[in-house]
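To start, the structure itself, in structure tokens.
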Amino acid sequence: MTTLDADVLIAGGGPIGLATALELQARGFTAVVLEPREGTIDKACGEGLMPGALAALGRLGVDPAGHPLRGIRYQDARRGVTHRYRSAAGRGVRRTVLHDALRARAAEVGIETRHERVDRITQSETHVVVNGMRARWLIGADGLHSTVREVAELDRPARVSTRANRRYGLRQHFAVAPWSDLVEVTYLPEAELYITPVDEHTVGVAVLAPRPVDLEGAIEQAPTVRERLAGAAEASSLRGAGALRQRTLARTAGRVALVGDASGYVDALTGEGLRVGLAQAEVLADCLARDDLPGYERAWARSTRDFRLLTAGLLAAATSPVRGLIVPAAVALPGLFGSVVERLAR
């Protein structure tokens, strides 16, 4: 019988990797997280936790500090529409605060993290070997540009690329008291500008667009945002991410599985990335508890279907000639806009 170093090895010690480890530990597995970076890991993201994401974290014993989010506002230069969540609030949380909270919880329950990069993977019918360590399964939670996905040959070749469908993001924080308890999304001619309050003294500002991505230029195109940020000091360095769209052939290969951004990603347009990753972590842990890794493919599809369809539909509109009609349509159909927001917030 093969001696195992752990039941599961998890490549990637970001929020979804740690959440997956917590899900597995709660089901009686030993999980070792492999993450080459030490300390707190930052990332360019919108930092708005939807109510469903906050509830999922709470179930894992994680309650990060931040600023209440009561809803979403879409606006352009002429008009806007707001939907306030019908039940629980979300929370704006700096990525570093979220990562620290998850690291603390993982340490509290005894999850081991080893600071090394995954670079050697082999597998048999009964186990995987990663950097000389043996386990029953390997989970790739290593982000948009996943090494595990590449090594497992699960990358799907990109479709013919155009400037419009190759999108990127930038994010920076500013030291200014939040003026709203909403995530504000401003539609510009070729970009979306996001404002997320993350604590009582700080807002996060992010932009999504085809290259070239210019946060300062996007702020200049949004007079109301520009005025509110006037004179505010930068509270973090500028960070970028992309290309955002990542396609996969499948989510499993042998005894390897993908979770979070590594498993495929549509766009950050609707801000649902963390919620989707947390849902995937839960259903993957359930599948492994039943020794049914092949079942994860179906569970992944079910747990992400609504998010993928809604995001893909909105992205198709945002990268087409009807882009300028998105906000007017939301204003004209506030009930439909609210239904979409509520569905994504679950």
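The values are calculated or read from the model by the stated rules, or taken from the named source; none is laboratory data. Remember, predicted model here, so these are calculated numbers, not experimental data. So basically every Cβ, Gly included, is an ideal-geometry build from the backbone, and we count neighbours across all protein chains shown.
What the table shows:
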| item | result |
| --- | --- |
| Residues that are surrounded by 18 or more Cβ atoms within 10 Å (Cβ to Cβ) and among the small types (Gly, Ala, Ser), drawn from segment 35-44 | Ala44 |
| Inter-residue pairs, beta-carbon under 9 Å, first closer than 17 Å to Arg79 by Cα and touching a residue at least 40 places away in the same chain (Cβ under 8 Å) and in segment 175-201, second buried (at least 22 other Cβ atoms within 10 Å of the Cβ) and aromatic (Phe, Trp, Tyr), 6+ apart | Val183/Tyr194; Glu184/Tyr74; Glu184/Tyr194; Val185/Tyr74; Val185/Tyr194; Thr186/Tyr74; Thr186/Tyr194; Tyr187/Tyr74 |
| Hits in segment 245-265 - residues which are closer than 13 Å to Gly295 by Cα, in contact with a strand residue (DSSP E or B) (Cβ under 6 Å, 6 or more places away or on another chain) and in a loop (DSSP other than H, G, I, E, B) | Arg251, Gly254, Arg255 |
| Residue match in segment 125-144 (condition: among the polar types (S, T, N, Q) and closer than 27 Å to Ala26 by Cα) | yes |
| Yes/no for Ala235 being within 19 Å of Thr96 (Cα to Cα) and either in contact with a Phe, Trp or Tyr (Cβ under 9 Å, 6 or more places away or on another chain) or not β-branched (Val, Ile, Thr) (or both) | yes |
| Which listed residue is buried (at least 16 other Cβ atoms within 10 Å of the Cβ) and either within 30 Å of Arg120 (Cα to Cα) or in contact with a Gly (Cβ under 9 Å, 6 or more places away or on another chain) (or both), from Val32, Val62 | Val32 |
| Qualifying position, being in a strand (DSSP E or B), surrounded by fewer than 17 Cβ atoms within 10 Å (Cβ to Cβ) and modelled with pLDDT under 95, among Thr162, Thr122, Thr126 | Thr122 |
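Every residue, every condition in (1) modelled with pLDDT of 95 or more; (2) closer than 28 Å to Arg27 by Cβ; (3) within 23 Å of the chain's Cα centre (by Cα), yes or no:
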| position | (1), (2), (3) |
| --- | --- |
| Leu57 | yes, yes, yes |
| Arg70 | yes, no, yes |
| Val81 | yes, no, no |
| Arg84 | yes, no, yes |
| Asp100 | yes, yes, yes |
| Arg103 | yes, yes, yes |
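Table: residues versus (1) in a helix (DSSP H, G or I); (2) modelled with pLDDT of 95 or more; (3) charged (D, E, K, R); (4) in contact with a Leu (Cβ under 8 Å, 6 or more places away or on another chain).
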| site | (1), (2), (3), (4) |
| --- | --- |
| Val207 | no, yes, no, yes |
| Asp267 | no, no, yes, yes |
| Leu274 | yes, no, no, yes |
| Leu288 | yes, yes, no, yes |
| Arg302 | yes, no, yes, no |
| Arg308 | yes, no, yes, no |
| Leu315 | yes, no, no, yes |
